[in-house]
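Since every read-out is calculated from the coordinates, none of them should be taken as a lab result. Bear in mind that the values here come from a model prediction, so they are computed numbers and not experimental data. Note that each Cβ is placed from the backbone with ideal geometry, even for glycine, and that neighbours are counted across all protein chains shown.
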Amino acid sequence: MHESSEHTAIVELFRGTPQLAAQLLASVFGVAVPERPARVADPVLRPGALAPDLVLELGDPASLVIIVEVQRSIDPDKRFSWPAYLWLERLRRRCSCRLLVVAPDPAVAAWAAQSIACGPESSTRPLVLGPAQIPRITEPEQAAVQPALSLLSAHTHGAGAEGDAVLHAALTALTHLDRGERRMYTDLVFRGIRPERVRHLKDELMLLDEFFPPARFPTPTADAILADLSAVLEARLARGEARGEARGEARGEARGLQHALLRVLAQRGVPLSPEQESMILGCSAAAQLDLWIRRSVTVASADALFADPP
C-alpha cells in the first residue's frame, strides 16, 4: 500500500466513524467532549483555500469542532498551515476547535507534537496520536464494538510485541465492515506485516472454517496472501450471517457488548457499584448496550453513564 493510499485509508476510517475522534480526544487527552453525536462537516472550500483532511462537528449548532490531520511524514509546511486550520474553522463555526494529528510513525509523532510559535504571545500545540497514544486493542469483543479503533490499533501495533493479539482482534473488526470497505482496510492492517505472519493468520482462519481447504489458496506473493485473507473473511462473514439465528447470535452479541462495555469502563478508571454491574450484565437489549458503550468513552462517572438522555 503506497503512502498516499495509507493516508486515504486512515482519513476514511475517521470519516466513516466520526465518533472515533471524539472518543480519542476524551480518553487519551482528557478533553471535555460534549455528549453529542459527531458528524462530518467538510470544510468550506474556496479557490486557494486551506483544506484539512477532515472536519468534524459535535452538536447542532456545533459546540466543538475537531480537525483531523493524518501525517505520514515530516512536512515543515504543516507548521504554518495547522494553526491556520484552527483559526479559520473557529471563524467559520464560531466555537471551540481542536486539532488532532494522527501520526503512526513515532518520529513523525514526536515532530508533530512540538509547539508551533505563531508570534510573541501566541502558539499552537496539536494533539498528536502517535504509537504511544493509540491503544492496543487485543480482545475480539472490543474489536466487534469498536472496529475502527481496532483497525487503527492493528495498523499501528500489528508488527509489535503484542502484534498477534492485535491482529486477531482486527480480523474480528474486519468482519463487521461493509464488503466495499473490507479490502482497503485489510491492506491497511496487513500490508506492513511479514508475509509468513499473514499466511499464518490466513491458515488459522481456514482451520477454523472447514469449508476452505488450504490447497485452494496458493500464496506466492504478499499481494496474493492479502487477497486470500480477504476471500476467507468474505466467506466467513457470509456463512456467519446465514447461521447467526441458529447459533443464538443475539445472545452472543449481547454478551460481547456487555463485556466490551465493562472493559472500556475499567480501562478508563470509571468505578461501578455491584448494582450497576448487575444492571449491565442483565441487559440484553443491543440498542441500550450500544448507547452505554458510546457514552462510556466520555463520561466521568457511572451515574452519568446511566443518566437519562437530555
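Take the Cβ-Cβ distance between ASP290 and VAL28 as r, set R0 to 22 Å, and report the resulting FRET efficiency rounded to the nearest 0.05. Result of the calculation: an efficiency of 0.50.
For the stretch 90-129, dividing the convex hull volume of the Cα atoms by the residue count gives 78 Å³ per residue.
Taking each residue as 0.36 nm, the span from SER96 to PHE80 lengthens on full extension beyond its C-alpha to C-alpha distance by 3.8 nm.
Kirkwood analysis of the Cα pair distances in the stretch 253-297 returns a hydrodynamic radius of 10.3 Å. Could you tell me the convex hull volume per residue, in Å³, taken over the Cα atoms of the stretch 3-129? Hull volume normalised by residue count: 116 Å³.
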